[in-house]
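Visitor: Quick one: the structure is below, and I'll ask about it shortly.
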Amino acid sequence: MRPPSFWQNPAAAPGWQALALAPLSALYAAGTARRVKRAPVFSPKVPVVSVGNLNVGGTGKTPTVIALTELLAGRDVHIVSRGYGGRAPGPLKVDLARHTAEDVGDEPLLLAAFAPTWVSPDRAAGVALAEDAGAKIILLDDAHQNPAVPKALSLVVVDAQRGFGNGRVLPAGPLREPVAAGLARADMVLSIGDAAAQSAFEQAWGSAIHVPRLTGALELLPTGMDWNGQDVLAFAGIGHPEKFFQTVRATGANLLRAEALDDHQPLTDALMKRLEIEAAALGAQLVTTEKDAVRLPPSFRQKVLALPVRLKLNEPEVLTDRLAQLTA
């Protein structure tokens, strides 16, 4: 399900839809405000770094968590994730040899390739298990609005191109809580996008940010594949699939067809067979995201190529220094 277009209206001109939904937004914001004030239920002896957002949908949290595991290499870092879309109740440690995306969700399955990853809707229970297993620092994925565990560092990630949308809370806008309330609990903000998007974000939202702001961009990970001139049919079930299609075009590939799926949408055999037939008719290669690739049916894993991206931080030393302080 694609987000409504009025969510991206300028904050000064939200549109009649947002105004009509304002009472519901007030109720949602009040519920979030009550939740975040709850006392922690577990205090670990190791630092917890929260990677969260204010927006619903994709902002770049997963690439950010991957980048943090690389900055923390050799420091016994573990990841705790809610495991959205997984059927296993948790808490449990992701086993790449045994678990599938249907079991634990696509994001934990991807993250487990970089660091020990725990799936736990109960964040406190997941953090406790990670600590017992020897974690010296824990990355808590998508938990900015979850107060169950104290955070040594709260990093809010935002898509620089979309910013905070119209600045309104669900359902009138794309936010889980008001910008001022959410950023009051943040230690740093990371905006992800190219130079033009960063400039627009600064103009629209710079005055609302009173903590250090880092910037970065997603870059294609070289795989040795020459995409220039390659005919492709691309599909993506992520928060903002159009960003992936922009990445495909940037490789020089001929994007003959782009199939935007819902975030975390199951890649059923029927869906994949349809895409395979369409790609064959076009003479195109099937291409998807790294996150979607872990949800592919086994029979399609050799037929679809993934385009992996990695976050390149423009100020890595700021984050490296802060992480070093936490693990000293």
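The values are calculated or read from the model by the stated rules, or taken from the named source; none is laboratory data. The structure displayed is predicted, hence computed values, not measured ones. Cβ coordinates were reconstructed from backbone atoms using ideal geometry, including for glycine residues, and neighbour counts include every protein chain displayed.
Visitor: Check whether at least one residue in the stretch 268-287 is surrounded by 20 or more Cβ atoms within 10 Å (Cβ to Cβ), within 27 Å of Ala67 (Cβ to Cβ), modelled with pLDDT of 95 or more and in contact with an Asp or Glu (Cβ under 9 Å, 6 or more places away or on another chain), and report yes or no.
Guide: no
Visitor: What tally of residues in the stretch 9-68 results from selecting those that are hydrophobic (A, V, I, L, M, F, W, C), under 30 Å from Pro116 (Cα atoms) and in a helix (DSSP H, G or I)?
Guide: Taking the stretch 9-68 and keeping what is hydrophobic (A, V, I, L, M, F, W, C), we get 11-13, 16, 18-22, 24, 26-27, 29-30, 33, 36, 39, 41-42, 46, 48-49, 51, 54, 56, 65-68.
Adding the requirement that they be under 30 Å from Pro116 (Cα atoms) leaves 36, 39, 41-42, 46, 48-49, 51, 54, 56, 65-68.
Keeping just the survivors that are in a helix (DSSP H, G or I) gives 36, 65-68.
Total satisfying the criteria: 5.
Visitor: Where residues in the stretch 153-169 are touching a Leu at 6+ places or on another chain (Cβ under 8 Å) and in a loop (DSSP other than H, G, I, E, B), which of them is nearest to Thr32 (Cα to Cα)?
Guide: Arg168
Visitor: When the stretch 195-216 is examined, which residues are found to be in contact (Cβ under 8 Å) with a residue 60 or more places away in the chain and within 14 Å of Arg162 (Cα to Cα)?
Guide: Ala204
Visitor: When you check Leu214 against the structure, is it surrounded by 15 or more Cβ atoms within 10 Å (Cβ to Cβ), assigned by TED's automatic domain parsing to the domain that holds Asp159 and modelled with pLDDT of 95 or more, yes or no?
Guide: yes
Visitor: Return yes or no: is Leu255 closer than 10 Å to Thr288 by Cα and in contact with a Lys or Arg (Cβ under 6 Å, 6 or more places away or on another chain)?
Guide: no
Visitor: From Pro150, Pro222, grab the single residue that is surrounded by fewer than 21 Cβ atoms within 10 Å (Cβ to Cβ), at pLDDT 95 or above and part of a loop (DSSP other than H, G, I, E, B).
Guide: Numbers: Pro222 fails: at pLDDT 95 or above.
None of the other options fit; the residue is Pro150.
Visitor: Between a first residue in the stretch 44-58 that is farther than 12 Å from Val80 by Cα and a second residue that is in a loop (DSSP other than H, G, I, E, B) and among the basic types (Lys, Arg), which pairs have beta carbons less than 8 Å apart while being 6 or more apart in sequence or on different chains?
Guide: Filtered contacts from the stretch 44-58: Val46/Lys136; Asn53/Arg176; Leu54/Arg176; Asn55/Arg162; Asn55/Arg176; Val56/Arg176.
Visitor: For the stretch 279-303, how many residues are in a helix (DSSP H, G or I), within 26 Å of the chain's Cα centre (by Cα) and free of Cβ contacts under 8 Å to residues at least 12 places away in the same chain?
Guide: So the answer is 1.
Visitor: Checking Glu107 against (1) modelled with pLDDT under 95; (2) over 15 Å from the mean Cα position of the chain (by Cα), which single condition isn't satisfied?
Guide: Here Glu107 meets the rest and fails (2).
Visitor: Only one of these is assigned to a helix (DSSP H, G or I), over 30 Å from Pro178 (Cβ atoms) and out of contact with any Gly (no Cβ under 7 Å at 6 or more places or on another chain): Lys243, Lys273. Name it.
Guide: Lys273
Visitor: On the given criteria, is Phe235 in the same structural domain as Val157 (by TED's automatic domain parsing), of a type outside the set (D, E, K, R) and either in contact (Cβ under 8 Å) with a residue 24 or more places away in the chain or at positive phi (or both)?
Guide: So Phe235 fails the test.
Visitor: To continue, here is another question. Within the stretch 111-143, can you find the residues that are over 18 Å from Leu71 (Cβ atoms), in contact with a helix residue (DSSP H, G or I) (Cβ under 7 Å, 6 or more places away or on another chain) and not polar (S, T, N, Q)?
Guide: Trp118, Val119, Asp142, Ala143 - these are the residues of the stretch 111-143 that are over 18 Å from Leu71 (Cβ atoms), in contact with a helix residue (DSSP H, G or I) (Cβ under 7 Å, 6 or more places away or on another chain) and not polar (S, T, N, Q).
Visitor: I've got another one for you. State the number of residues belonging to the stretch 228-248 that are at pLDDT 95 or above, surrounded by 15 or more Cβ atoms within 10 Å (Cβ to Cβ) and of a type outside the set (A, V, I, L, M).
Guide: 3
Visitor: A further question follows. For the stretch 1-36, give me each residue that is under 25 Å from Glu242 (Cβ atoms) and basic (Lys, Arg).
Guide: So the first thing to find is which residues in the stretch 1-36 are under 25 Å from Glu242 (Cβ atoms), and the list is 1-15, 17-18, 21.
Arg2, the sole residue that qualifies.
Visitor: So which pairs qualify, if the first residue must be in the stretch 83-108 and assigned by TED's automatic domain parsing to the domain that holds Ala236 and farther than 22 Å from Val309 by Cα, the second must be among the polar types (S, T, N, Q) and crowded, with 23+ Cβ neighbours inside 10 Å, the Cβ gap must be under 6 Å, and the two must be at least 6 apart or on different chains?
Guide: none
Visitor: Within the group Ser50, Ser81, which residue is surrounded by 22 or more Cβ atoms within 10 Å (Cβ to Cβ) and closer than 22 Å to Gln325 by Cα?
Guide: Ser50
Visitor: Please work out which residue is nearest to Val65 (Cα to Cα), limiting yourself to the stretch 153-181 and to residues that are surrounded by 24 or more Cβ atoms within 10 Å (Cβ to Cβ) and without any contact (Cβ under 8 Å) to a residue 60 or more places away in the chain.
Guide: Ala160
Visitor: Going by the structure shown, is Trp205 aromatic (Phe, Trp, Tyr) and either surrounded by fewer than 20 Cβ atoms within 10 Å (Cβ to Cβ) or farther than 28 Å from Leu19 by Cα (or both)?
Guide: It is false that Trp205 is aromatic (Phe, Trp, Tyr) and either surrounded by fewer than 20 Cβ atoms within 10 Å (Cβ to Cβ) or farther than 28 Å from Leu19 by Cα (or both).
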